[in-house]
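Values in this text are rule-based calculations from the coordinates and carry no lab data. What you are looking at is a predicted structure, and each value in this text was computed from that prediction instead of being measured. Heads up, the Cβs are rebuilt from the backbone with ideal geometry, glycines too, and the neighbour counts pull from every protein chain shown.
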Amino acid sequence: MPFEFFRGRRKVVVAMAHIGALPGTPLYDAAGGVSRLIDNVARDVENLQEGGVDAIMFGNENDRPYRFAASPEGVAAMTAVVTALKPMLKVPFGVNYLWDPVATVAIACATGAVFAREIFTGLFASDMGLWRPNAADALTLRRNLGRQDLKLLFNINAEFASSLDARPIELRAKSAVFSSLADAILVSGPLTGQSAETSDLRKVREAVPDIPVLANTGVRIDNVREIFAIADGCVIGTHFKVDGDTWKPVDGERVKRFMDYVGKLA
């Protein structure tokens, strides 16, 4: 495992810290402002860290309906939120600004994040229209900002979308590593909170044996054993929430129960 933030662990759990809707989006709480965004995420971060997760990733899942291009106020606000929370972080952290890879890298560089996740490659038909990410611009920005150490996690089968690339998923994974310099490959289900196909995980794992492969959605305590038999770890958000509801706060007991179980698997 080539990531320092994996700390030699055999399996890694990256937990999502979902920021409330950012300025410039339909669900933004203008009355509460950025200070309320910070307070709410701080409670989630505290519960995630007390539960023993390996890393935390900040994301703007609440910015619905989603768009491809980040707004200036959104980038500014997310940077402010992450920066405000850095002093309380005890684990490595990453960022993901949906669905803009360049904005994601910019925020990661500005905040000192260790890793960043996005859709960097491919062509998709999606809820938001035709989806055409640009890995070259994101990686060029990483270079220009002097953050070659920033690890980029490539989600290769986007949620809320269908790939227009007819190549099998294992070939798309191998190609992303070869042509677009992916540091890790993530495999998702069709929607947030829905599991990736274990057959897809297995195909990707076999195709890129020297690159970390993580399950990106739908990991739960009842399926993590099966997933960890294939993948190097997971990104998990929904299962850690109260009642397993993506839009509710983090439930500290659910986190601890999951991490205790994962510890026994290792």
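Values for this structure:
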read-out	value
Pairs of alpha carbons in the chain whose separation is greater than 36 Å (percent)	6
Pairs from K174/K248; K203/K241; K203/K248; K90/K203; K11/K203 whose Cα-Cα separation, in the structure shown, is over 26 Å	K174/K248; K203/K241; K203/K248; K90/K203
Ranked packing of 55-63, 216-224, most packed first, by mean Cβ within 10 Å	55-63, 216-224
Antiparallel DSSP beta bridges within the chain, as percent of all bridges there, nearest 5	20
Helix-only mean residue ellipticity at 222 nm for the chain, each DSSP H run of n ≥ 4 adding -39500 (n - 2.57), per residue, nearest 500	-11000 deg cm²/dmol
Between the range 163-179 and the range 84-129, the Cα center-to-center distance that results, in Å	21
Nearby lysines by direct alpha-carbon distance to K86 (threshold 20 angstrom, same-chain neighbours under 8 apart not counted)	K151
Highest to lowest packing among 75-84, 159-168, scored as the average C-beta count within 10 Å	75-84, 159-168
The range 1-159 - Debye-derived log10 I(q)/I(0), Cα point model, q = 0.08, 0.15, 0.20 Å⁻¹	-0.22, -0.80, -1.37
Built amide H within the under 5 Å cut-off of A55, gap 5+	V13, A15
Karplus 3J(HN,Hα) series, Hz, for the range 206-222 with 6.51 cos²θ - 1.76 cosθ + 1.60 (x for Gly, Pro)	6, 6, 10, x, 9, 10, x, 10, 10, 6, 9, 9, x, 7, 9, 5, 8
